[in-house]
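Worksheet for the structure shown next.
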Amino acid sequence: MSAVGSLIFCDECGNLLDNPEDKLHNSSTIECSQCQATYPRSQFNNLKVVTSTSEDAFPSALRMKKSVVKTSLKRDELKDDGATIKEKCPKCGHDEMRYQTLQLRSADEGATVFYTCIKCSYKYRTNN
């Protein structure tokens with residue numbers, strides 16, 4: 001018998017077993033409906049279900065302030081060696097720019113894209 005939370009599974013075939021506290025069955029055993037393996041009902045008498053949550057399961061404003069990750073970018077970290085893309089430069093109008101992406105915000109939010117014009121080196125960023 002394997003238990004996951006309050007669910008009990010047959011060791012032989014993995015089928016979900018009937019609830020051992022079900023009063024409809026008067027026998028002292030629980031039988032698997034798939035492979036007919038039997039388990040003593042008394043084996044489940046003191047079964048306890050214990051649940052827990054991770055610290056970040058229920059975010060709060062206070063916890064968010066505590067776990068802020070500060071990221072700083074130095075000018076050297078945004079070199080002009082990113083991938084090239086057809087994007088119009090807002091400053092000079094050149095139609096090719098290089099870009100890099102960095103995950104500056106939380107993981108469930110989009111990345112920040114840093115663009116650098118190949119012609120005039122104008123830089124700007126957008127948040128996806």
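The values are calculated or read from the model by the stated rules, or taken from the named source; none is laboratory data. Please read all numbers here as calculations on a predicted model, not as lab measurements. Reconstructed Cβ throughout: ideal geometry from the backbone, glycine too, with neighbour counts over all protein chains shown. To get the accessible areas, we keep the full protein, side chains included, count just its heavy atoms, and leave off ligands, DNA and RNA. Shrake-Rupley method; radii C 1.70, N 1.55, O 1.52, S 1.80 Å.
Scanning segment 4-60 for residues that are modelled with pLDDT under 70 and either over 30 Å from the mean Cα position of the chain (by Cα) or assigned to a strand (DSSP E or B) (or both) yields a count of 8. Might you let me know whether segment 64-82 holds any residue that is modelled with pLDDT of 75 or more, surrounded by 12 or more Cβ atoms within 10 Å (Cβ to Cβ) and not in a helix (DSSP H, G or I)? Among the residues of segment 64-82, not one is modelled with pLDDT of 75 or more, surrounded by 12 or more Cβ atoms within 10 Å (Cβ to Cβ) and not in a helix (DSSP H, G or I), which makes the answer no. The one condition from (1) modelled with pLDDT of 85 or more; (2) open to solvent by less than 90 Å² (accessible area, probe 1.4 Å); (3) under 30 Å from residue 118 (Cβ atoms) that residue 105 does not meet is (1).
So for segment 85-94 (the condition being surrounded by 10 or more Cβ atoms within 10 Å (Cβ to Cβ), under 30 Å from residue 10 (Cβ atoms) and at pLDDT 70 or above), does at least one residue qualify?
No, every residue in segment 85-94 fails to be surrounded by 10 or more Cβ atoms within 10 Å (Cβ to Cβ), under 30 Å from residue 10 (Cβ atoms) and at pLDDT 70 or above.
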